[in-house]
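Below: one structure, written as structure tokens.
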Amino acid sequence: IDTLRPKVSLFMAKCSFQAKKWKEAADYYLAALPIKARWESTDYWFFGAALVLAGDTARAINVMAEAADRDPKQCQLMFRYAVLLQGRMMYARSTEIFRKRLENCKDSLDAKIHVFIGNNFFSDSLVDSAIASYERSLGVNPTYTYAKLRMGETYLIKGDVAKGQPILDSVIASARTSANADDKRYGSQAIVRLNGVDVAEKKWQAIVDRSKIGVEMDPKSVSSWLYLAFGYQGLADADNAKKAYREVLKLDPNNETAKKNLKALGG
């Protein structure tokens, strides 16, 4: 019976995985390690995925590394593995797996993968390499708003406002006409990034105009209302500034900046 136990464990691991019993699947795969030579390539992926879903990400990374070497054409699992590595701040290894996936899989995720590779470079402070990856993403999908947002943000961080601002302006313009929730969110982020630049240069009217677009797109955006209040306050328009600060406090009653500035305006 003892000689059969690893074989039975392997069968039970597969069944448990299909039944989405992640802890059971991981435990059965551990019990089947003595016959690892008989595993199929998918077993490594299933074992790694079960470990992740059972909460053991440290062991999962090592298991999935072997799975990626054995069977890099498991496109969905390769993507998840690369994202897992990214979340663990293993940026170079994440990029390696993303690139291996690009070599072995061609699908609708390609544009997103190039952005994620760019984000890895960005996290490692390699901003020029990040921008190049965002450009590759747009080469795959010229309308991909997330790639435009990341490219524009990166140019701003690099200090190149002349290149970054038009890109972020295009993100905002797309968001205004799009019904897609993600596009709206990216548009709001672009507004925040550009307003942050304009605050430093005291371009209050530009902040007001841009923030109006923000609250139009998302009336519940605390950041857009707050920047709208900043802009009006910078223009010495106390009445509209107070109205905007009150909107901030309706959405975020504990916002200390809005409380402080509203009090200073006599509101």
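The values are calculated or read from the model by the stated rules, or taken from the named source; none is laboratory data. Bear in mind that the values here come from a model prediction, so they are computed numbers and not experimental data. Here the Cβ is made from the backbone with ideal geometry for all residues, glycine too, and neighbour counts use every protein chain on show. Side chains included, ligands, DNA and RNA excluded: accessible areas come from the protein's heavy atoms. Shrake-Rupley method; radii C 1.70, N 1.55, O 1.52, S 1.80 Å.
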Quick check: is even one residue across the range 182-199 within 25 Å of Ser108 (Cβ to Cβ) and surrounded by fewer than 16 Cβ atoms within 10 Å (Cβ to Cβ)?
yes
Exception for Lys202 within (1) of a type outside the set (A, V, I, L, M); (2) out of contact with any Leu (no Cβ under 9 Å at 6 or more places or on another chain); (3) not in a loop (DSSP other than H, G, I, E, B) falls at (3)
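In the range 217-236, what count of residues is obtained for those that are in a helix (DSSP H, G or I) and without any contact (Cβ under 8 Å) to a residue 40 or more places away in the chain?
Of the residues in that region, 13 qualify.
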So, first residue at pLDDT 95 or above in the range 134-162, second residue outside any helix (DSSP H, G or I) and open to solvent by 50 Å² or more (accessible area, probe 1.4 Å), Cβ within less than 9 Å, six or more apart or across chains; the pairs are Asn141/Ser108; Thr145/Asn180; Ala147/Asn141
Checked pairs for the range 36-57, first closer than 12 Å to Lys21 by Cα, second surrounded by fewer than 15 Cβ atoms within 10 Å (Cβ to Cβ) and among the small types (Gly, Ala, Ser), C-beta under 9 Å and 6 or more apart or across chains, list as Leu51/Ala58
Scanning the range 177-201 for residues that are farther than 20 Å from Leu156 by Cβ and either within 21 Å of the chain's Cα centre (by Cα) or aliphatic (A, V, I, L, M) (or both) gives Ser178, Ala179, Asn180, Ala181, Asp182, Lys184
- Message: Here is a check on your reading of the model: is Asp252 within 19 Å of Gly152 (Cα to Cα), at pLDDT 95 or above and acidic (Asp, Glu)?
- Response: no
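So which helices (runs of 4 or more DSSP H) are wholly in the range 58-151 and hold at least 2 residues that are open to solvent by less than 30 Å² (accessible area, probe 1.4 Å) and closer than 30 Å to Thr177 by Cβ? Spell out how you get there, then give the answer.
On the way: elements: 75-87, 91-104, 110-123, 127-140.
Hits in the range 58-151: 110-123, 127-140.
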Filter the range 202-245 for residues that are open to solvent by 50 Å² or more (accessible area, probe 1.4 Å) and within 14 Å of Thr257 (Cβ to Cβ); the one that is farthest from the chain's Cα centre (by Cα) is Gln233
Taking the range 30-49 and keeping residues within 33 Å of the chain's Cα centre (by Cα) and either buried (at least 19 other Cβ atoms within 10 Å of the Cβ) or within 11 Å of Asp71 (Cβ to Cβ) (or both) leaves Glu40, Ser41, Thr42, Asp43, Tyr44, Trp45, Phe46, Phe47, Gly48, Ala49
Scanning the range 213-230 residue by residue, those out of contact with any helix residue (DSSP H, G or I) (no Cβ under 6 Å at 6 or more places or on another chain) and within 14 Å of Asp169 (Cα to Cα) turn out to be Ile213
Those residues of the range 93-122 which are in contact with a Ser or Thr (Cβ under 6 Å, 6 or more places away or on another chain) and not aromatic (Phe, Trp, Tyr) amount to Ala111, His114, Val115, Ile117, Gly118, Asn120
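Those residues that are part of a loop (DSSP other than H, G, I, E, B) and either open to solvent by less than 50 Å² (accessible area, probe 1.4 Å) or closer than 19 Å to Ser137 by Cα (or both), I need them from the range 152-179; list them, please.
Going through the range 152-179, the residues part of a loop (DSSP other than H, G, I, E, B) turn out to be 159-160, 178-179.
Answer for the range 152-179, where residues must be part of a loop (DSSP other than H, G, I, E, B) and either open to solvent by less than 50 Å² (accessible area, probe 1.4 Å) or closer than 19 Å to Ser137 by Cα (or both): Asp160, Ser178.
How many of the residues in the range 17-39 are part of a loop (DSSP other than H, G, I, E, B) and either in contact with a helix residue (DSSP H, G or I) (Cβ under 6 Å, 6 or more places away or on another chain) or farther than 20 Å from Gly55 by Cβ (or both)?
Result for the range 17-39: 2.
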